[in-house]
Protein chains: 2
Amino acid sequence: MPQIKILLDETELPTHWYNVVADMPRPPAPPLAQDGKPISLQALSVIFPAPIIEQEISRARWIPIPEPVREIYRLWRPTPLYRAVRLEQALGTPARLYYKYEGVSPAGSHKPNTAVAQAYFNQLAGTRRLTTETGAGQWGSALAMAGQMFGLEVRVYMVRVSWEQKPSRRSMMETWGAEVIPSPSSETNCGRRVLDSDPDSPGSLGIAISEAVEEAVARDDTHYALGSVLNHVLLHQTVIGLEARKQFEKINEYPDIIVACCGGGSNFGGTAFPFFADKAAGRQVRLLAVEPESCPTLTRGRYAYDSGDSAGLTPLMLMYTLGRNFVPPRIHAGGLRYHGDSPLVSQLHHEGLVEAVAVPQRATFEAGLQFARTEGIIPAPETNHAIRAVIDEALACKQTGEPKTIFFTLSGHGHFDMSAYERYLAGQLEDAAYPDEAINSALAQLPKVAS
Amino acid sequence: MPQIKILLDETELPTHWYNVVADMPRPPAPPLAQDGKPISLQALSVIFPAPIIEQEISRARWIPIPEPVREIYRLWRPTPLYRAVRLEQALGTPARLYYKYEGVSPAGSHKPNTAVAQAYFNQLAGTRRLTTETGAGQWGSALAMAGQMFGLEVRVYMVRVSWEQKPSRRSMMETWGAEVIPSPSSETNCGRRVLDSDPDSPGSLGIAISEAVEEAVARDDTHYALGSVLNHVLLHQTVIGLEARKQFEKINEYPDIIVACCGGGSNFGGTAFPFFADKAAGRQVRLLAVEPESCPTLTRGRYAYDSGDSAGLTPLMLMYTLGRNFVPPRIHAGGLRYHGDSPLVSQLHHEGLVEAVAVPQRATFEAGLQFARTEGIIPAPETNHAIRAVIDEALACKQTGEPKTIFFTLSGHGHFDMSAYERYLAGQLEDAAYPDEAINSALAQLPKVAS
């Protein structure tokens, strides 16, 4: 039996994050203020500390990971790289399948990679409190843990319907010391406005973002933290791909295809970007982002300037978007229900350097179930999107006989998502692709800014 | 900062389990049939396959781990040994605290170590189906996964109240392909008898065991699997302590105190036994079993012959017991709510070679919370018992200035137990020590067999 677990010891933990901007063919398009002019750093500094803003606009290839961040990373990093031999055998594919397992973090996903960094840089800049939003709770729990590690108060605006339906995630945040507020709340003007018109509002990620941003703007001691989309978030996540690169070197392998699920883009960017440098230098490697058919940003969205939240409070970013008012159906992969995408991932996709595919919900659970029954680990619903694409590529190899090396990130375990598996097993899960009219209608509301 | 993560690669996975019987001062007391005579192997073979029975009575020091079992172990083993530096700092103790993290298994606990072995030996012996019982679901999920890996059907009788309250664990078992039946059920005579007298019975572990055993006895193609207590189960779990020993060798350390929570004894035995050989050879090392005050088997039970289930279907075993009819209160550490204990652990405790301490529920969650907020990982409620004792020992070292090395097993993560943390944080958790009269009354019903 071949080696199935490729480990790094803690001395091999990366010392720098990789900034893909240094190797992109064109510089990133700048974020714009609502007036269509490039946003000022001053405007950003109301919600982010200076070191984070520096990273957001940096063009340096390597950014040092501060020692206090590495000390927390070491609680679970480097994470293992696995070869999925049992899945290969079940598929009868000549392909070799590898996965990086981020579910070993205390929060059970890749989110702490940036949460810890953001908490550290905020502490360094004198921030006392952080606000953020969370839907299903993956990001909120990661920031709760990170805040606790650096002595910051954390307030999480949690979409009310999730607050009611996911008490485990809520308790997890509280166990790490965070305050969790169901959103819409009476704590902010934005929340009060929603409650005035609909006291029973179930909330949305868009409203929760607006509440968290409003509070960060209003309070001098408080900053805002975001779990995906922005350049600095993807930067912090590159620790995943950097470790994987070292792990492949140890076994003299190099992936032909790199796969990750893609919502806001932090898992995909963190996985794929460290291999992008090689691609930019001419290496043959495919980078494949996988998204849900019900929220097909890269595959059916428009490459245009749009805001990051539904209320339009954030700067405008050039990205693939379905329109900030696009509301995807309630699929179980809550982390992939975002109307836009990372501007960096979007730009690379626009330039043909990153591929994208959209997959339907039921097929993702079929893939996740096959994975659980061969490899043991039960993946999060988001991760099942990547696994679907990996299995499809592996089956294609079976047809052609090509022994390709396929690598993906298992971004989190599914222990908080068992009800989704239950529904799948009971035949109650639906596929929900969006009709063109719905997407076109949302796109028609895009701000009028030249892309 | 010192090294905090001590890893083994998969080539260092143990090749043999360690059988503590070989180093015990006296041979284990034999299990007895209901007539008070030693049980026949014939009687055991109705529910267990031959290789398991051989292990149950073996006196060989080393038992080979078959290659197919090691192949599955490699999906998550060897598990990491961590130094809890941040907890040490928070406590201000000169003690060095180490923990073995078993929560990285796909089921989130140490239970798969024996589930995989039992599934393999059953497959080897031609078993087609396995039955078992589960309370909170840790053991049932482990066996579901293991059965799937070796192509065995698995039927889990799940205590009805847990079946209703823990749908996530139920879905987890079904995701791995097991059939989960709420107990009492109409599938067995035993279940039907209970339902006849109480159609709304919430069930109990005792009833569920009886149902699983009855079905295994009745069907030729079916055997029974148990998740703790018996010698072969503790044997399989020694992979934990064996790995830990190697890991301590790598850093030139040796523990002064070894701590594990103890319900049926498999986590404690698996952790401590591989160090027992050194103790038997004269080495100074304390082995400390930690149990709940609400089910104080080792600390307040009687060392006597008793049956393993409440219906009295199993053989009689010489063990510390509170009486098979003792019903502990509904504490959240479901895995520690067993009226008896492993006969091997019991005998070593009786001979003064294993220490035991009982701790109250609230103090265990206080310890677990401090652990989560320093080390990140949120432990299972069972594990919090060990952490309570570790913190107490570390604080004692702070008083005396002794830099002791303390080692414990973090037997599982708490991601399925967040409601317990929620109740603790809300001040709703109770301590529930049992009055002497209740224990004496249960003990008065012990079978009349000479110990």
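The values are calculated or read from the model by the stated rules, or taken from the named source; none is laboratory data. Everything numeric in this text was worked out from a predicted model, so none of it was measured. Note: ideal-geometry Cβ built from the backbone for every residue, glycine included; neighbour counts use all protein chains shown.
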Just wondering, is there one or more residues in segment A:199-217 that are within 14 Å of chain B (Cβ to nearest Cβ) and at pLDDT 95 or above? no
Among the listed residues A:H339, A:H332, which satisfies the condition of being within 16 Å of the chain's Cα centre (by Cα), within 14 Å of another protein chain (Cβ to nearest Cβ), not in a helix (DSSP H, G or I) and not acidic (D, E)? A:H332
Might you let me know whether segment A:132-152 holds any residue that is touching a residue at least 40 places away in the same chain (Cβ under 8 Å), buried (at least 24 other Cβ atoms within 10 Å of the Cβ) and among the β-branched types (V, I, T)? yes
What do you reckon, is A:D198 over 18 Å from the mean Cα position of the chain (by Cα) and within 25 Å of A:N122 (Cβ to Cβ)? no
Within segment B:161-176, identify whether any single residue is outside any helix (DSSP H, G or I) and either surrounded by fewer than 20 Cβ atoms within 10 Å (Cβ to Cβ) or more than 14 Å from chain A (Cβ to nearest Cβ) (or both), and answer yes or no. no
Can you tell me which of (1) aliphatic (A, V, I, L, M); (2) buried (at least 19 other Cβ atoms within 10 Å of the Cβ); (3) closer than 26 Å to B:F408 by Cα is the one B:I52 doesn't meet? (3)
Out of curiosity, is B:V180 away from chain A (no Cβ under 14 Å), farther than 30 Å from B:P14 by Cβ and of a type in the set (V, I, T)? no
Members of segment A:396-411 that are assigned to a strand (DSSP E or B) and aliphatic (A, V, I, L, M): A:I406, A:L410
Which condition from (1) within 25 Å of B:S307 (Cα to Cα); (2) free of Cβ contacts under 8 Å to residues at least 60 places away in the same chain; (3) not small (G, A, S) is the one that B:P66 breaks? (1)
Tally up the residues in segment A:133-150 that are within 13 Å of chain B (Cβ to nearest Cβ) and hydroxyl-bearing (S, T, Y), please. 1
Restricting to segment A:1-41, name every residue that is within 25 Å of A:N113 (Cα to Cα), within 14 Å of chain B (Cβ to nearest Cβ) and assigned to a loop (DSSP other than H, G, I, E, B). A:I4, A:L7, A:L8, A:D9, A:L13
If I ask for residues that are in contact (Cβ under 8 Å) with a residue 40 or more places away in the chain and under 16 Å from A:E153 (Cα atoms), which ones from segment A:218-235 would you list? A:R219, A:D221, A:T222, A:H223, A:Y224, A:A225, A:L226
Lone qualifier among B:E366, B:E382 - being charged (D, E, K, R) and either within 14 Å of chain A (Cβ to nearest Cβ) or within 25 Å of B:A444 (Cα to Cα) (or both): B:E366
Would you check which residues across segment A:145-161 are closer than 13 Å to A:T222 by Cα and among the small types (G, A, S) and list them? A:G147
Please work out if B:R362 is in contact (Cβ under 8 Å) with a residue 60 or more places away in the chain, touching a strand residue (DSSP E or B) at 6+ places or on another chain (Cβ under 8 Å) and of a type in the set (K, R). no
In segment B:53-124, which strands (runs of 3 or more DSSP E) lie fully inside it and hold 2 or more residues that are more than 18 Å from B:L242 (Cβ to Cβ)? B:96-101
Subset of segment B:411-451 that is within 14 Å of chain A (Cβ to nearest Cβ) and hydrophobic (A, V, I, L, M, F, W, C) - its residue that is surrounded by the fewest Cβ atoms within 10 Å (Cβ to Cβ): B:A426
So A:S346 fits all but one of (1) surrounded by 24 or more Cβ atoms within 10 Å (Cβ to Cβ); (2) of a type outside the set (A, V, I, L, M, F, W, C); (3) closer than 22 Å to A:R96 by Cα; what number is the exception? (3)
Can you spot a residue in segment A:384-407 that is in contact (Cβ under 8 Å) with a residue 24 or more places away in the chain, surrounded by 23 or more Cβ atoms within 10 Å (Cβ to Cβ), within 22 Å of B:M418 (Cα to Cα) and of a type outside the set (A, V, I, L, M)? no
Hey, does segment A:121-132 have a residue that's facing chain B (nearest Cβ under 10 Å) and of a type in the set (S, T, Y)? no
Evaluate the following for B:F408: is it under 19 Å from the mean Cα position of the chain (by Cα) and more than 14 Å from chain A (Cβ to nearest Cβ)? yes
Could you list, in sequence order, the residues of segment B:31-74 that are touching a Pro at 6+ places or on another chain (Cβ under 7 Å) and of a type in the set (A, V, I, L, M)? B:L32, B:A33, B:I39, B:I65
Answer from B:G269, B:G282 - the residue that is in contact (Cβ under 8 Å) with a residue 60 or more places away in the chain and of a type outside the set (V, I, T): B:G269
